[in-house]
Structure formats: C-alpha cells, structure tokens
C-alpha cells in the first residue's frame, strides 16, 4: 500500500511516517509512506492509494479530495497527530482501505 501524508511543509510529518511504517511492519503489511508539503501534494498524489492530511492543513480536505481522483482522503485527527501515534493512524489507513 502506498500512503501520502500531507502537511504544511512536509517535514513535521516525517516522524509520524516512521511510526506508521513500524505499526504496519508489526502487522506484516508492506507500506510505502512519505510526507509532502501541501504546495506539492497534487504532484505526489498519483502513486498513492490513501492520502492523509495533517491537522494544520485539514482546511484543504475538500480541495485535495477533488484532486485525488476518487482515492480515499481523510484528515488525521489532532490527538493522534499530536501524540505521533502511528498505531492509530495506521488503523485509520486500514479503515479507509476497507480492511
């Protein structure tokens, strides 16, 4: 599965990507995950199976959904993001994929 996390600059989400990757590996899922800045998000959406937005850019949710071509798009809840809870965010990814 390929996951794209979008935040304001792309850097603050890097640690969360690592935690999500670890949560996926703990459950024997292969995951390709990376973070990008909202400014270049549209360029990076093509390969993603799931797109998640950090709380700081959740106001862009409808716009990103429109650009995503029907792919699952959601905002990460502030509590999970703030706690850098890779397990909870991975659960959200699985829900979006219907698993």
Among all residue pairs at least 6 apart or on different chains, which show Cβ distances below 9 Å where the first residue, located in segment 71-99, is on the phi > 0 side of the Ramachandran plot and in contact (Cβ under 8 Å) with a residue 60 or more places away in the chain and the second is surrounded by 14 or more Cβ atoms within 10 Å (Cβ to Cβ) and part of a loop (DSSP other than H, G, I, E, B)? none
Kindly indicate the residue of segment 10-30 that is assigned to a loop (DSSP other than H, G, I, E, B) and surrounded by 14 or more Cβ atoms within 10 Å (Cβ to Cβ) and also modelled with the highest pLDDT among those meeting that condition. 29
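Looking at segment 56-83 only, could you name the residues that are buried (at least 16 other Cβ atoms within 10 Å of the Cβ) and outside any strand (DSSP E or B)?
56, 57, 58, 60, 64, 65, 68, 71, 72, 76, 80, 81
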Inspect segment 84-96 for any residue being modelled with pLDDT of 95 or more, part of a helix (DSSP H, G or I) and within 13 Å of residue 7 (Cβ to Cβ) and give the result as yes or no. yes
Tell me whether segment 31-50 contains one or more residues that are buried (at least 20 other Cβ atoms within 10 Å of the Cβ), in a helix (DSSP H, G or I), touching a strand residue (DSSP E or B) at 6+ places or on another chain (Cβ under 8 Å) and at pLDDT 95 or above. no
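The values are calculated or read from the model by the stated rules, or taken from the named source; none is laboratory data. What you see is a predicted model, and the numbers here were worked out from it, not measured in a lab. Glycine gets a Cβ as well: all are built from the backbone with ideal geometry, and neighbour counts include every protein chain shown.
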